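The values are calculated or read from the model by the stated rules, or taken from the named source; none is laboratory data. As the structure is a computational prediction, the values presented were derived from the model and not from experiment. Backbone-built Cβ (ideal geometry, glycine too); neighbour counts: all protein chains shown.
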Amino acid sequence: MTDGEPQAFFECDGDLFRPTDHARGPWSRESLHGRVLAGLLAREVERRFGDEAFLPARLTVDLFRAPPFAPVAVSAEIVRDGNRIRVADGSLTSGGVEIARASVAMLRRSEQPEGTVWSPPSWSVPLPDEMEPPPQRPGRMPIWETRSLAPSFGGTEQKRAWLRETRALVAGEELSPLVRVALACDFTNPFANSGERGLNFVNADITLYLHRLPVGEWLGFEVASHQSAEGIAVAECTLYDTGGPIGRSLVCALANQHRR
């Protein structure tokens, strides 16, 4: 880490990733943030099985156990190595116990078919460089930088925002486009599932769909849906970069109210 560069979420220690203080989760300081787990799993699959001919079109991360704030190990294996479709599974463990897993579907890139297919209109919003940054707390650098296009939390309107990562996932490594969006897509839960009383849902998974990889550092989130009943929510965001839509991010979540 150079002078003035934000500390990464993890540092490598052999086969382990040791979390820094910035990797702590929002529900407990003794747990890891779910989004950094998604980033590590995407990184491992891309590192081992990434291929320019294939697009990682779907990433699903199951967050089925509270991740302790402790070193983690990540592994991945290919489960289908086809000519047009490849599938890889990833596993993240802490102290030998699996705490999250992932499945990645990679589709071979090809020529776009001719003809027109209906799709919803792209958003028309100011670009992040055209917007004023929000005021920052003195002495604290957030884990991401935002440009809000509507109230981020506490409102009942459809929310839109730009988001940019401010830290590396692993010390000494630049974020790849896939890892950048994998790190960010967990934002769908607090963004789409928060309302007039704040956030009272914790997500059990993240599913990211991409029809192309993002270009640049800024990612746009537009809440597409929130539905909930009996303490279970399903939420969805449309994802953008500064060039237009890139895909979708979905979560399922459980009621988890903050204790007062």
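Quick notes on this one:
- The stretch 95-125: number of residues that are at pLDDT below 95 and assigned to a strand (DSSP E or B): 0
- Residue within the stretch 172-181 that is over 21 Å from Pro134 (Cβ atoms), touching a Gly at 6+ places or on another chain (Cβ under 9 Å), hydrophobic (A, V, I, L, M, F, W, C) and part of a loop (DSSP other than H, G, I, E, B) present: yes
- Subset of the stretch 126-135 [touching a strand residue (DSSP E or B) at 6+ places or on another chain (Cβ under 9 Å) and at pLDDT below 90]: Glu132, Pro133, Pro134
- Residues of the stretch 18-40 satisfying the condition of being surrounded by fewer than 21 Cβ atoms within 10 Å (Cβ to Cβ), part of a loop (DSSP other than H, G, I, E, B) and not basic (Lys, Arg): Thr20, Gly25, Pro26, Trp27, Ser28, Glu30
- Arg167 of a type in the set (Lys, Arg), surrounded by 19 or more Cβ atoms within 10 Å (Cβ to Cβ), touching a residue at least 60 places away in the same chain (Cβ under 8 Å) and under 27 Å from Asp21 (Cβ atoms): yes
- Residues that are among the aliphatic types (A, V, I, L, M), under 28 Å from Arg109 (Cβ atoms) and under 16 Å from the mean Cα position of the chain (by Cα) were ranked within the stretch 51-70; the one that is surrounded by the most Cβ atoms within 10 Å (Cβ to Cβ) is Val61.
- Qualifying residue in the stretch 84-94 (condition: in contact with a Phe, Trp or Tyr (Cβ under 7 Å, 6 or more places away or on another chain), modelled with pLDDT of 95 or more and farther than 16 Å from Asp186 by Cβ): yes
- When Arg48, Arg80 are checked against the criterion of being over 22 Å from Cys185 (Cβ atoms), surrounded by fewer than 17 Cβ atoms within 10 Å (Cβ to Cβ) and of a type outside the set (Ser, Thr, Tyr), a single residue qualifies: Arg80.
- Residue list for the stretch 6-33, filter: within 18 Å of Val179 (Cβ to Cβ), among the hydrophobic types (A, V, I, L, M, F, W, C) and touching a residue at least 60 places away in the same chain (Cβ under 8 Å): Ala8, Phe9, Phe10, Cys12, Phe17
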